[in-house]
Amino acid sequence: MSNFWSIWITVLSLLVIAGCFILLRLCSKNTTPEIKEGDLMDHSYDGIQEINNPLPKWWSYLFYITIVFGLLYLVLYPGLGNYKGLLGWSSSNQSIGTEQGIKADSAKAIADATEEGRWVQYDQEVKLADEKYGPIFEAYKATPLAELVKNEEALKVGGRLFLQNCAQCHGSAGRGGKGFPNLTDGDWLYGGELETIKTTIMNGRHGMMPPKGGLPIDDSEIEGLAEYVISLSGRDHDAALAAKGQGSFMKGCFACHGMDAKGNKLMGAPNLTDNVWLYGGSRGVIMESIKNGRSGVMPPWKDVLGEEKVHVIAAYVYSLSHQAEK
């Protein structure tokens, strides 16, 4: 955290506590000395006349206690910007005891391995999980993908990993959404072979279509070009307008999508003849894609999950579009 934000958070936190104290003190004082405590005030609301009574002392004391508690907490624990507190506690430095099912020898080995012998809960849990599940994933990794897709137990593991890490974009069933590929339809931008899917997950992908394909296409040509693209997948279209759009397509769109418009998996250029649309296939959306271009990024997962887990996920993703073969 930068010094600016550290100071900002510190000052703001202390001001809030000080403001609560000042407000409490003001509310505890008799601001109408001409009217004694317990006497009726000279005004009423909805037929209810107010009595000049102070705040209940027990109620005020509870507020004072919370203020003192808050200050003590901020002195002992982190909460004021970069200040770490007198106890030096952090959420990643909580000890986990043997009552949570951790064997004493394992806990000691982990504690000895951590910096200065300190207990780091997350690191411990990861290490224990690696000790328990690491050999399982190593065995999966050693299994060729062509065999792994036939292993029902491995696919269940891959499905759980998919739900944890991939479903946010592709959906829990892998059917995707606007801008996120459907993994169940057998249509692949970069190829649907087992090793290709694994490479995609490991290294990620960055697909980009520049506005108007980066070609000398005038705005007046976009409607015709969209009509031609629609005609490629056999949909109802205006033949005359599509014929004009074909000329625009030949200005260079074929360089990525191919002369037959069936795409190029090396570049991630989509097949325009199969009526599968990543961003939508209506005329308006197609025109929008041509005019403004598209840019999609899938992040690499090799450093997040490791090759062992990616290997299993790749088998699961492949199985989504090959259910009939299982």
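Per residue, how big is the convex hull of the chain when only Cα atoms are used? Give it in Å³.
Details: hull volume 103.4 nm³, N = 326.
Dividing the Cα hull volume of the chain by its residues yields 317 Å³.
Which order, highest average first, do 134-144, 262-272 follow once you tally other Cβ atoms within 10 Å for each residue and take the mean per peptide?
Details: 134-144: 14.0, 262-272: 18.2.
The densest-packed peptide leads the list: 262-272, 134-144.
Nearest 10 degrees, 0 to 90: what angle lies between the long axis of helix 283-292 and the longest principal axis of the chain (Cα atoms)?
80
Based solely on its DSSP helices, what 222 nm [θ] is calculated for the chain when runs of n ≥ 4 H residues each add -39,500 (n - 2.57) and the sum is averaged over all residues, nearest 500 deg cm²/dmol?
Values: 13 runs with 165 residues, N = 326.
So the calculated ellipticity at 222 nm is -16000 deg cm²/dmol.
Based on the mean of other Cβ atoms within 10 Å per residue, sort peptides 1-7, 49-55 so the most packed one is first. Before the final figure, lay out each step's value.
On the way: 1-7: 10.6, 49-55: 12.1.
In decreasing order of mean packing, 1-7, 49-55 become 49-55, 1-7.
Might you tell me the accessible area per residue for the chain, computed with a 1.4 Å probe and given in Å²?
Working: 20470 Å² over 326 residues.
That works out to 63 Å² per residue.
Percent of accessible area on region 1-91 owned by carbon and sulfur, 1.4 Å probe? Can you show the working numbers first?
Values: 5060 of 7270 Å².
Carbon and sulfur together cover 70 percent of it.
Which angle between 0 and 90 degrees, to the nearest 10, do you get for helix 121-142 versus the longest principal axis of the chain when only C-alpha atoms count?
Here the helix axis deviates by roughly 20 degrees.
Quick one: with all protein chains in place, what share of the accessible area of region 130-226 is carbon or sulfur, to the nearest percent (1.4 Å probe)? Provide the component values of the computation, followed by the final result.
Details: 2950 of 5390 Å².
Using a 1.4 Å probe with all protein chains present, region 130-226 comes out at 55 percent carbon and sulfur.
Rounded to the nearest percent, how much of the accessible area of region 259-322 (1.4 Å probe, protein heavy atoms only) is carbon and sulfur?
Here it works out to 55 percent.
May I ask you to derive the FRET efficiency for LYS178 and LEU87 from their Cβ-Cβ distance with R0 = 35 Å, giving the value to the nearest 0.05?
Working: r = 49 Å, r/R0 = 1.40.
The calculated FRET efficiency here is 0.10.
The values are calculated or read from the model by the stated rules, or taken from the named source; none is laboratory data. All values reported here derive from a predicted model rather than from experimental measurement. No Cβ is skipped: glycine too gets one built from the backbone with ideal geometry, and neighbour counts run over all protein chains shown. Remember, those area values only see protein heavy atoms, side chains included, never the ligands or the DNA or RNA. Shrake-Rupley method; radii C 1.70, N 1.55, O 1.52, S 1.80 Å.
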